[in-house]
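Heads up, the thing below is written out as structure tokens.
The values are calculated or read from the model by the stated rules, or taken from the named source; none is laboratory data. Just so it is clear, the structure is predicted and the values come from calculations on it, not from any experiment. Quick reminder, even Gly has a Cβ in these numbers, built from the backbone with ideal geometry, and neighbours come from all protein chains shown.
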Amino acid sequence: MSSDGEKKIYFLFAKEISNSKGTAKVLEALAEISLGEKEEATIVKETKAREDVPVDFVTIAKFFRASQKTRQSLNQVYEESMAKYSKVNAMTTGKRRPTEDEVKLKQTLMDYILKAEGIFERNDLVDESLIKELNRFFESLDSAEKLSEANIFSLYISPKTAGLIYPLLDKMRDCYQEYGKLQPTLKRLNRIADFIIEDAGT
């Protein structure tokens, strides 16, 4: 993608934040940002909170996108887990007595489903808070610094806003890391559920 194309995508993302028309619209614009696995790993490392280092808007946007990508990946596995749970639950609420493996799987699946939902809820709060602080920052820009496509790659967050954003980035990073830890566990439980469903002849 050309530099001009990248500028436009980041600018449109920033415009959605400055328009403040809801989190959903902002996240739609965020999803347009392209981020490879190598760049994602680098940006997560680079944005580790350090209050003595200035942070630019594009770096924050990239980290936000990395978090969103990881969440979307886990959400897909989470949806599969919900479907597996429903199927196993339907198997075990009929006339026959559930096996020990079925009972254990249902409980374990539900525990991890609830854990995923808890992370999603925390992530939602962080997303909303980060968008709100960035919106305030854009509103505070004077005429010489006004948001534009031309300056989007050189736009640095003010020290005041950075001080408010760093704790949010830490919380977002926690969610990002928890998504990464939870996903393989849910995938493994989904595979176990497939075996149990197959054995039951359903």
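Worth pointing out:
- Of all the residues in the range 117-167, those that are in contact (Cβ under 8 Å) with a residue 24 or more places away in the chain, among the hydrophobic types (A, V, I, L, M, F, W, C) and not in a helix (DSSP H, G or I) number 4.
- Exclusive hit being at pLDDT 95 or above and over 30 Å from I192 (Cβ atoms), set S129, S143: S129
- Looking only at residues of the range 159-202 that are in contact with a helix residue (DSSP H, G or I) (Cβ under 7 Å, 6 or more places away or on another chain), of a type in the set (G, A, S) and surrounded by 15 or more Cβ atoms within 10 Å (Cβ to Cβ), we find that the one that is farthest from L114 (Cα to Cα) is A200.
- Of the criteria (1) out of contact with any helix residue (DSSP H, G or I) (no Cβ under 6 Å at 6 or more places or on another chain); (2) of a type outside the set (V, I, T); (3) in contact (Cβ under 8 Å) with a residue 60 or more places away in the chain, which one L114 fails: (3)
- When every residue of the range 134-152 is checked against the conditions, none turns out to be more than 20 Å from the chain's Cα centre (by Cα) and closer than 16 Å to N190 by Cα.
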